[in-house]
Structure formats: structure tokens, C-alpha cells
Amino acid sequence: MSKNNLSIGIIIVIVGIAMIIISETVSFTYKVTEYHDAGILGRIPWTETRINNELKNGILYGGVILFVLGGVVIAAGLNKTKGNKNKLDNRYFCTECGTRLSTNDKFCPNCGTQIDNDMVKSDFNINIHDNTSQCTSNEDTLEFCYYCGFELKNKVEFCPNCGKKL
């Protein structure tokens, strides 16, 4: 949904910019012929070119409004994307031991329990373990699972991909 917001916002901004350019480049003139009384000569036609400022300003202000509105939609889409990522990272915990899980874990890296979408819950009453706090530096903790080759970013007892004890 947030990608749609970004696309819609970009389209609105582009339309706004196009309207601003049109209002400044297109001539909004029209000709008016009026007849003036010239006494004994009768009525004389007088042709005058006028500018339709109301139309020009309407297109200009409409373009500015669309430009700003598109920026707001883009900002809302970016905030939605950022907010969803944070919610997912903080919401998934192992129901057996409470370890925080990443969205692509198939097994709990702490106890080895197989992760099923129905089992994963966000219950803050369980004992929550944050494996990222165990990391001291990337050089000490970066390993690969001996069984499946999955990259392990933290010191874990079980592979989050295949579930085997390390």
C-alpha cells in the first residue's frame, strides 16, 4: 500500500508541476470586439486583446496545491513504509522462550523451536531475549551454519534457517 502512496504522490507532484509550467507559458488571451458610438460616423468596432487572469491564476494556484499535496502523500508513504518495518521487527517473538525473531526466521535462534506463523505472537508478558545485545563486534560473531550455510549475525545456539543445534 505504501508503494501505491509513493506512486500516487509522484504523479500528483508531476501534474502540479505541469500545471505551473502551463500557467506561465501558455497565453491566456482572447479578443473582444466592442462597438463604440462615434457620433455622426455611427458605431465603430473596437477590437481589444485581453488576458484571462482568472484562468491563468486558477491553473497556477491549482498546480501549487497539487505540488504540495503530492509532497504530503509522498511523505505519508515514506512514513508508512518506515513504520511498518519497525512494527514487524518489534512484534515477532518465540512463544517458547521469548527471543525476538526476524521476519525470515524459520527456527528460533535461541531454543530451536520451529516458527509457525500461527505460533508467533507479540505477548509482552513473556521473557524477552534480545540476541543483538550479545554482539560485541561483527568480527567475533559473524559465522555460517555448518549444515545449511545460512549467515549467522549473532551468537545463537540454533540455526534460524534449518533449526539444527550449532
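Here are the numbers:
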{"read-out": "Simple label model, 7 Å out from Cα along Cβ direction - ASN57 to VAL32, nm", "value": "1.6"}
{"read-out": "Ranked list, fewest to most other Cβ atoms within 10 Å of each Cβ, for VAL32, VAL15", "value": "VAL32, VAL15"}
{"read-out": "Amide hydrogen neighbours beyond the local backbone of TYR92, cut-off 5 Å, H modeled", "value": "LEU101"}
{"read-out": "Percent RCO, i.e. relative contact order, over the stretch 2-90, from Cα pairs under 8 Å lying at least 6 residues apart", "value": "45"}
{"read-out": "Exposure proxy order (Cβ contacts within 10 Å, fewest to most) of ILE65, ILE59", "value": "ILE65, ILE59"}
{"read-out": "Alpha-carbon Rg with Dmax, taken over the stretch 2-90, Å", "value": "24.2, 92"}
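Read-outs: derived from the displayed coordinates by stated rules, not from any lab. Since the model is a prediction, treat every value here as computed from it, not as a measurement. So basically every Cβ, Gly included, is an ideal-geometry build from the backbone, and we count neighbours across all protein chains shown.
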